[in-house]
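For reference, the structure is listed below as structure tokens.
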Amino acid sequence: GDSVTQTEGLVTLTEGLPVMLNCTYQTIYSNPFLFWYVQHLNESPRLLLKSFTDNKRTEHQGFHATLHKSSSSFHLQKSSAQLSDSALYYCALKRVSGSFNKLTFGAGTRLAVCP
Amino acid sequence: EAAVTQSPRNKVAVTGGKVTLSCNQTNNHNNMYWYRQDTGHGLRLIHYSYGAGSTEKGDIPDGYKASRPSQENFSLILELATPSQTSVYFCASGEQGFYEQYFGPGTRLTVL
């Protein structure tokens, strides 16, 4: 079945350093749809960015990610971490399951940005 | 502005008791979902719905029922609550054909 792997449970960074959160996926679908959701403390998850196109960079709010079907990856990056980026980040994959829109979420990576 | 609300926001229940978590959305979305969030497991799908009157089992439906009496409302029911169901529960809505899901604020449930 479909699955999403986020290898880091916690990433701790100093403000100003680059961010990279890893996401790999498995699916039988030849055209996967990938998403990053962000959840700040005491808030609900919200969509950060999404991609359906192979090898095309997508950007939003300073973050960017590129879907690479060759390596089944969709890593989240940012050039310079800010304190406000501290949050829980989920990578998600649209499932191959008929016409209904369901997502498979990874376990999440908590990003902690320190001064 | 998309709006999904949940009630209650916090709930303490006793083992064996019945718990009902409610969700209301004003997005006019056909699709609604119930997830639970646990550290190390991410967001796991419990039940979902295509529209009023429909409910479908998600990945972890055991111990949970769902009810969708109207387009706007989707409830999650724990008939016999157990401590293993202590978690944070999120409701979400989404428009068919589009994959973004809009989440409610969550309900923190503690079963003693």
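Throughout, read-outs are computed from the coordinates displayed, never taken from laboratory work. Just so you know, these numbers come straight off a predicted model, no measurement behind them. Don't worry about glycine lacking a Cβ; one is built from the backbone with ideal geometry, like all the others, and counts go over all protein chains shown.
Could you tell me which of A:Leu34, A:Ala87, A:Thr7 has its Cα farthest along the dipole of chain A towards the positive end, charges placed at Cβ (Lys, Arg +1; Asp, Glu -1), taken about the Cα centre?
A:Leu34
Under a point spin-label approximation (7 Å from Cα along Cα-to-Cβ), what is the B:Asp38-B:Glu95 distance to one decimal in nm?
Inter-label distance under the simple model: 3.5 nm.
To check you understand DSSP bridge types, tell me what percent of the beta bridges within chain B (both residues inside) are antiparallel, rounded to 5.
90
Can you pull the semi-axes for the protein assembly as shown, root of five times each eigenvalue of the Cα gyration tensor, sorted largest first, whole Å?
Equivalent ellipsoid of the protein assembly as shown: 30, 21, 15 Å, largest first.
With springs only between Cα atoms under 10 Å, which of A:Asn31, A:Asn42, A:Asn55 fluctuates most in a Gaussian network model of chain A?
A:Asn42
Taking 8 Å as the Cα distance limit and 6 or more residues as the minimum spacing, I'd like the relative contact order of chain B as a percentage.
36
Given B:Gly17, B:Tyr102, B:Tyr89, which one lies farthest toward the positive end of the charge dipole of chain B, if we put +1 on the Cβ of every Lys and Arg and -1 on the Cβ of every Asp and Glu?
Projecting each Cα onto the dipole axis, the largest value belongs to B:Gly17.
Taking Cα atoms of region B:56-112, Rg/Rh with Kirkwood Rh, to two decimals?
Value, to two decimals: 0.98.
Alpha carbon centre of region B:76-112 versus region B:1-60: separation in Å?
3
Determine the relative contact order of chain A: mean sequence separation of Cα pairs under 8 Å and six or more apart, normalised by residue count, in whole percent.
37
Within region A:3-114, what percent of beta bridges assigned by DSSP are antiparallel, to the nearest 5?
Roughly 80 percent of the beta bridges in region A:3-114 run antiparallel, per DSSP.
Send over the semi-axes of region A:22-99's equivalent ellipsoid, whole angstrom and largest first, taken as the square roots of 5 times the C-alpha gyration tensor eigenvalues. Mind dumping the intermediate values first?
On the way: eigenvalues 105, 45, 18 Å².
Those come to 23, 15, 9 Å.
Of B:Thr39, B:Gly51, A:Thr104, which is farthest on the positive side of the dipole of the protein assembly as shown, counting Cα position, with +1 on Lys and Arg Cβ, -1 on Asp and Glu Cβ, and the Cα centre as origin?
B:Gly51
Working from the pairwise distances between different alpha carbons, so that the mean of 1/r is found and then inverted, what is region A:61-115's Kirkwood radius in Å? Before the final figure, lay out each step's value.
Values: mean 1/r = 0.0753 Å⁻¹.
Across region A:61-115, the inverse of the average 1/r is 13.3 Å.
Provide, as a two-decimal number, the C-alpha radius of gyration of chain B over 2.2 N^0.38 Å, N being how many residues it has.
Output field value: 0.99.
In what sequence do B:Thr15, B:Thr86 fall when counting other Cβ within 10 Å, fewest first?
Fewest-to-most ranking of B:Thr15, B:Thr86: B:Thr15, B:Thr86.
Strictly over 30 Å apart at the Cα level, which of A:Lys69/B:Lys65; A:Lys56/B:Lys57; A:Lys50/B:Lys18; A:Lys102/B:Lys65; A:Lys78/B:Lys65; A:Lys50/B:Lys11 would you flag in this model?
A:Lys69/B:Lys65; A:Lys56/B:Lys57; A:Lys50/B:Lys18; A:Lys78/B:Lys65; A:Lys50/B:Lys11
Fewest to most neighbouring Cβ within 10 Å: what's the order for A:Phe33, A:Phe74?
Details: A:Phe33 19, A:Phe74 28.
Fewest to most other Cβ atoms nearby, the residues stand as A:Phe33, A:Phe74.
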